[in-house]
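Below is one structure; the comments refer to it alone.
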């Protein structure tokens, strides 16, 4: 599992239309974030369950260590501006 207490981490899984929608909505923003596939990382899946009432609800995004379960683009960017403005850079990483 990726543990980024200063930045933004998006937990996702293949086939999730909500994940695709959020990722596409962020394409033309300067937000830098790490993507973690919960089907490849059991610790990440366990983390998502711990913040989503036992479910593997994705996308789940952490902003400076604070979890947002299935956030809208607006809610996510508000949280980033408030808690992790340094993540408003240029590139996206994937794990």
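What to note about this one:
- When segment 52-81 is limited to residues that are out of contact with any strand residue (DSSP E or B) (no Cβ under 9 Å at 6 or more places or on another chain) and within 17 Å of residue 25 (Cα to Cα), the one that is surrounded by the most Cβ atoms within 10 Å (Cβ to Cβ) turns out to be 77.
- Evaluation of residue 15 against (1) at pLDDT 95 or above; (2) surrounded by 13 or more Cβ atoms within 10 Å (Cβ to Cβ) (one fails), failing number: (2)
- Residue 93 being modelled with pLDDT under 95 and touching a strand residue (DSSP E or B) at 6+ places or on another chain (Cβ under 8 Å): yes
- Residue tally, condition free of Cβ contacts under 8 Å to residues at least 24 places away in the same chain and under 12 Å from residue 11 (Cβ atoms), over segment 60-91: 3
- In the set (1) outside any strand (DSSP E or B); (2) in contact (Cβ under 8 Å) with a residue 60 or more places away in the chain; (3) surrounded by 15 or more Cβ atoms within 10 Å (Cβ to Cβ), residue 23 fails one condition alone, (2).
- Candidate set: segment 37-50, residues that are crowded, with 16+ Cβ neighbours inside 10 Å and over 16 Å from residue 17 (Cβ atoms); chosen: the one farthest from the chain's Cα centre (by Cα): 41
The values are calculated or read from the model by the stated rules, or taken from the named source; none is laboratory data. Remember, predicted model here, so these are calculated numbers, not experimental data. Reconstructed Cβ throughout: ideal geometry from the backbone, glycine too, with neighbour counts over all protein chains shown.
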